[in-house]
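Working notes for the structure below.
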Amino acid sequence: MARWEPDARGRMLSAALDLFAEKGYDKTTAGDIAARAGVTERTFFRHFADKREVLFANPSPLDDVVVKAIAAADEQATPLQMVLGGVREAAVGIADARSREQAAQRARIVESTPALQERELLKMAAMTTAAQAALAERGVGEPTAALAAYSAVAVFQAAFTRWVSGATDLGLPECVDEAAAALRALT
């Protein structure tokens, strides 16, 4: 094993995705991921608390991006426009950080593992709660803040699902725009 190679975190992510796809999430160990990535198990645990965190650790959590976008939104924007702007910003970050295929591979792994599905739902709930609180900070009352937050997160989820399905050539931010337009058309 080489003494040091750059981007250990990225290599571990790629190794984990490949191993989860090959062996399944439950049959892959942190040691397997470390070995495939060319790092020690100790290095793995310096970056991630456990193998699940490889799929959920993110240096810039989605809810932080959404909260910052809501805080910076134009005063004239509606609550829904504020949160939609935030989820679009989050989509830009995801599309910049991962390839569509890598995101699709991650989505398939999460979809096939109940414990990971639960974690994904918690992640979306955290984004919803953060958006709702950010809207409250801007003076948006209830139930408007809750409805805007839940609606925008639903838009994000629909857009992400469409993007990773490969059914469109659109990028993730454009899928968010498309899903937001579909939501607006419902009313």
So which residues in the range 93-106 are open to solvent by less than 50 Å² (accessible area, probe 1.4 Å) and either within 20 Å of Ser151 (Cβ to Cβ) or without any contact (Cβ under 8 Å) to a residue 60 or more places away in the chain (or both)?
Gly93, Ile94
Check whether at least one residue in the range 63-85 is exposed (fewer than 14 other Cβ atoms within 10 Å of the Cβ) and either part of a helix (DSSP H, G or I) or touching a Pro at 6+ places or on another chain (Cβ under 8 Å) (or both), and report yes or no.
yes
Residues located in the range 147-178, provided they are open to solvent by less than 20 Å² (accessible area, probe 1.4 Å) and not hydroxyl-bearing (Ser, Thr, Tyr):
Ala148, Ala149, Ala152, Val153, Val155, Phe156, Ala159, Trp163, Leu172, Pro173, Cys175, Val176
Any idea which of (1) in contact with an Asp or Glu (Cβ under 6 Å, 6 or more places away or on another chain); (2) open to solvent by 10 Å² or more (accessible area, probe 1.4 Å) is the one Ala34 doesn't satisfy?
(2)
Every pair of residues 6+ apart whose Cβ atoms lie under 7 Å, when the first sits in the range 147-167 and is within 10 Å of Ala131 (Cβ to Cβ) and without any contact (Cβ under 8 Å) to a residue 24 or more places away in the chain while the second is open to solvent by 70 Å² or more (accessible area, probe 1.4 Å) and among the basic types (Lys, Arg):
none
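The values are calculated or read from the model by the stated rules, or taken from the named source; none is laboratory data. Model, not experiment: these values are computed from the prediction. With ideal geometry, Cβ positions are generated from the backbone for all residues, glycine too; neighbour counts draw on all protein chains shown. Heavy atoms of the whole protein, side chains included, go into the accessibility calculation; ligands, DNA and RNA do not. Shrake-Rupley method; radii C 1.70, N 1.55, O 1.52, S 1.80 Å.
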